[in-house]
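Novice: Got a structure for you, written out below as structure tokens; questions coming shortly.
The values are calculated or read from the model by the stated rules, or taken from the named source; none is laboratory data. In this text the structure is predicted, and so the values were computed from the model without any measurement. For neighbour counting, all protein chains shown are included, and Cβ atoms are generated from backbone atoms with ideal geometry for every residue, glycine included. Just the protein is used for accessible areas: all its heavy atoms, side chains included, with ligands, DNA and RNA removed. Shrake-Rupley method; radii C 1.70, N 1.55, O 1.52, S 1.80 Å.
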Amino acid sequence: QVQLVESGGGLVQAGGSLRLSCAASGGTFSMYAMGWFRQAPGKEREFVATIAWSGIITYYADSVKGRFTISRDNAKNTVYLQMNSLKPEDTAVYYCVAGSRTTDVRSGPPYWGQGTQVTVSS
């Protein structure tokens with residue numbers, strides 16, 4: 001059973017940056033694909049980004065492509081989401097997720113963190 005704990009959320013002005021972190025425990029981190037989802041008020045959860053166990057393969061939602069970067073440090077059992085050029089529509093609770101492969105992460109990851117709030121003011 002994998003446990004995921006997010007950190008790094010907060011309040012930022014439009015155009016600013018934040019870096020989210022997710023510490024994993026309870027499993028062999030380097031064997032999992034990792035990712036991020038988000039849920040804005042009144043909306044369904046949506047896929048944001050995923051990264052393969054190797055760190056080489058990444059996928060992004062069109063809405064964040066070019067602004068967000070996902071990365072991982074297998075030695076620290078941590079995955080990151082660097083968010084630049086933030087927009088008010090990026091306001092959401094961001095969830096760290098894990099799965100066997102990036103396709104699992106994108107479609108229905110089995111492991112979820114509790115989430116961290118990101119608020120972007122205009």
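Novice: Under a 1.4 angstrom probe, counting protein chains only, how are ASP62, ASP90 ranked by accessible area, largest first?
Specialist: The ordering from most to least exposed comes out as ASP62, ASP90.
Novice: Then there's this: Run the accessible area of the chain with a 1.4 Å probe and give the carbon-and-sulfur part as a rounded percent.
Specialist: That share works out to 48 percent.
Novice: Further question: Tell me, what is the FRET efficiency for ASP62 and TRP112 to the nearest 0.05, using R0 = 25 angstrom and their Cβ-Cβ distance as r?
Specialist: Efficiency, from the Cβ-Cβ distance: 0.65.
Novice: Starting from the Cα-Cα distance between SER7 and GLU89, subtract it from 0.36 nm times their residue separation and give me the gain in nm to one decimal.
Specialist: Extending this stretch completely gives an extra 27.5 nm.
Novice: Mind checking the full-extension length gain between GLU44 and SER30? Use 0.36 nm per residue of separation minus the Cα-Cα distance, one decimal, nm.
Specialist: 2.1 nm
Novice: Against the globular-protein guess of 2.2 N^0.38 Å, express the Cα radius of gyration of the chain as a ratio, rounded to two decimals.
Specialist: 0.96
Novice: In the full protein assembly as shown, how much of TRP53 is accessible to a 1.4 Å probe, in Å² to the nearest 10?
Specialist: Here the accessible area works out near 150 Å².
Novice: Need one value: the accessible area of MET31 in square angstrom, 1.4 angstrom probe, rounded to the nearest 10.
Specialist: 130
Novice: So, one more: Just to make sure I understand: if all protein chains stay in place, what is the order of GLU46, GLU6, GLU89 by accessible area at 1.4 Å, largest first?
Specialist: GLU89, GLU46, GLU6
Novice: Moving on to the next point. Taking the Cα centre as origin and putting +1 on Lys and Arg beta-carbons and -1 on Asp and Glu beta-carbons, what dipole magnitude results for the chain, to the nearest 20 debye?
Specialist: The dipole of the chain has a size of about 140 debye.
Novice: Okay, moving on. Over the chain, give the accessible area per residue in Å² for a 1.4 Å probe, as an integer.
Specialist: That works out to 51 Å² per residue.
Novice: Find how much the distance from ARG19 to GLN82 grows on full extension, using 0.36 nm per residue of separation minus their present alpha carbon separation; answer in nm with one decimal.
Specialist: 22.2 nm
Novice: Cross-link partners among aspartates and glutamates for LYS76, C-alpha distance below 16 Å, same-chain residues fewer than 8 apart left out?
Specialist: Hits, sequence-local ones excluded: GLU6.
Novice: Let me ask something else about it. Using the Karplus curve 6.51 cos²θ - 1.76 cosθ + 1.60 with θ = phi - 60°, what ³J(HN,Hα) values do you get for each residue of the range 31-38, in whole Hz, with x for Gly and Pro?
Specialist: Karplus-based 3J(HN,Hα) across the range 31-38 equals 8, 9, 7, 10, x, 9, 10, 9 Hz.
Novice: Between the range 15-31 and the range 53-121, how far is it from one alpha carbon centroid to the other, in angstrom?
Specialist: Value for the Cα centre distance between the two parts: 8 Å.
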